[in-house]
Amino acid sequence: MATRAYFPTLVYSAALQQRGTVAFNQRLLRECRQLRVDDVAGRRWSRQNYPGGYTSYGSQHRLYEISPTFEALRKLLQPHVSAFARSVDWDLRARRLTMTDCWINIMPQRVVHSLHLHPLATLSGTYYVQVPDGAPGIKFEDPRLERFMAAPPRKHACREHNRQWVTLPAVAGQVVLFESWLRHEVTANTRRQERVSISFNFSWF
C-alpha cells in the first residue's frame, strides 16, 4: 500500500465481566450514592469544581483501599489493563501497572464533564455503573489537533479514524481504557436519570 497509518491513538472498550454484571453494578451504585451522602468534603469540592454533579475526586480517590466492592472492581480491571498494555507493546518487565486512583462521578441532568486529561498517570479509564438511554458517551479529541495549521476541514461523513473528535457510547457494564495524555470530555447529560461512572488511573512509576 502507498498510504499507511502511523502513530495510532488506541482506545480499548470491553465488557468488564461475562456474568454477574447487574448484581455487581447494583452494589456499586448503592455505595456510590451512600458515599455522596457521607462525603461532606467531596460535595463541597464538587460545588466548586463539578457544578451540579458529585465526584469524589477531590476527597476520596482511592476507593479500592477502603471498599471491598471497589477492590473487586480493581481486580476485575486488571486483565483488561494487561490486554491494553499488550496492544500498545509496553515493556513492563521491570515494573507493573498499578492502580493509583479510583473515584466516583455522578452526573445528574445538565451536568457536564469538561475537556481534560489525567496528569501524572500512565493509563486511565472509566467503568459505567448506570447509564440512562441516550446519555452522552465519552468524547475523545485528536491529540494532534493544534498541529493542523493549514489542513482543510474533514468531510462530514469521514471515516472514523480520520475524525478529529470521536464519541464512544457509554454502556453500563463496559470498561473504557486509554492513555492518560488523551484529552476527553462528557457533554451535558440530557436525561433525568443520573449517569454514574467510576474513573481510575494506573501508573507504572
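Every number in this text was worked out from the coordinates using simple rules, so none of it is lab data. Note that the coordinates shown come from a computational prediction; the quantities given were computed from them, not determined experimentally. Heads up, the Cβs are rebuilt from the backbone with ideal geometry, glycines too, and the neighbour counts pull from every protein chain shown.
Scanning the stretch 177-199 for residues that are surrounded by 23 or more Cβ atoms within 10 Å (Cβ to Cβ) and among the polar types (S, T, N, Q) yields a total of 2. Are any of the residues in the stretch 85-101 under 25 Å from GLN18 (Cα atoms) and aromatic (Phe, Trp, Tyr)? No, the conditions are met nowhere in the stretch 85-101. Filtered by the rule that a residue be of a type in the set (Phe, Trp, Tyr) and in a loop (DSSP other than H, G, I, E, B), the stretch 1-18 gives TYR6, PHE7.
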